[in-house]
């Protein structure tokens with residue numbers, strides 16, 4: 001502009017030094033950026049840190065306790081594991097009846113769709129939710145507790161649920177596991193998908 005307008009005078013020095021585009025200047029070589037570190041699970045006041053035998057401890061964060069908070073022998077919580085919803089079950093070391101949670105034998109293939117998949121298991125290292133004991137991490141399954149919706153179901157749905165429940169119990173018996181409390185509060189039912197989940201045992205695969 002200064003060069004094309006005769007009534008406007010500007011020092012050549014000003015133009016050369018002040019109006020030079022930075023994008024045209026040679027830039028010093030930049031060192032390559034370091035790869036971003038993997039995101040670690042954040043420890044919160046509701047975290048459960050567990051040793052699952054793989055070196056680095058696993059961290060799950062309890063979002064909502066599903067079991068009775070006055071029960072100190074065991075606990076069930078909806079939790080977060082690296083951004084995905086999971087279910088965690090914790091119980092004291094002295095509860096021998098839950099020892100089958102460490103059974104290495106999964107249910108036979110024809111019954112696996114009735115069980116939540118096991119993600120991990122181990123011993124609790126540190127937690128304010130459940131100070132010490134065993135823990136198992138299971139996949140989250142959609143569905144309502146059967147005890148809350150049974151009265152809304154039609155006869156076909158009830159028959160389907162009963163059939164699926166018997167299949168699940170029989171699958172457990174084949175690996176010598178007893179479902180200690182197969183009542184409705186320990187079952188989930190998703191009406192949209194017609195899926196049944198039995199979850200009061202720890203042999204899920």
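The values are calculated or read from the model by the stated rules, or taken from the named source; none is laboratory data. Treat the numbers as computed from the prediction; the structure is a model and nothing was measured. Cβ: placed from backbone, ideal geometry, glycine included. Neighbour counts: every protein chain shown.
For the condition within 20 Å of the chain's Cα centre (by Cα) and surrounded by 18 or more Cβ atoms within 10 Å (Cβ to Cβ), what is the one hit in 133, 168?
On the way: 168 fails: within 20 Å of the chain's Cα centre (by Cα).
On inspection, the qualifying residue turns out to be 133.
Is at least one residue of the range 105-118 under 30 Å from residue 169 (Cα atoms), at pLDDT below 50 and surrounded by fewer than 13 Cβ atoms within 10 Å (Cβ to Cβ)?
Yes: one or more hits.
Just checking, which of 183, 191 is touching a helix residue (DSSP H, G or I) at 6+ places or on another chain (Cβ under 8 Å) and either closer than 20 Å to residue 63 by Cβ or at pLDDT 85 or above (or both)?
Working: 183 fails: either closer than 20 Å to residue 63 by Cβ or at pLDDT 85 or above (or both).
191 is the lone residue from the list that is touching a helix residue (DSSP H, G or I) at 6+ places or on another chain (Cβ under 8 Å) and either closer than 20 Å to residue 63 by Cβ or at pLDDT 85 or above (or both).
Restricting attention to the range 54-74, which residues are part of a strand (DSSP E or B) and either under 16 Å from residue 131 (Cα atoms) or modelled with pLDDT under 90 (or both)? Talk me through it step by step, then tell me what you get.
Residues of the range 54-74 part of a strand (DSSP E or B): 58-65, 74.
Once the filter is applied, which keeps residues that are part of a strand (DSSP E or B) and either under 16 Å from residue 131 (Cα atoms) or modelled with pLDDT under 90 (or both), the range 54-74 yields 58, 59, 60, 61, 62, 65, 74.
Here are some residues: 77, 90. Which one is over 13 Å from residue 124 (Cα atoms), without any contact (Cβ under 8 Å) to a residue 60 or more places away in the chain and not in a loop (DSSP other than H, G, I, E, B)? Outline the logic, then answer.
Values: 90 fails: over 13 Å from residue 124 (Cα atoms).
Unique residue meeting the criteria: 77.
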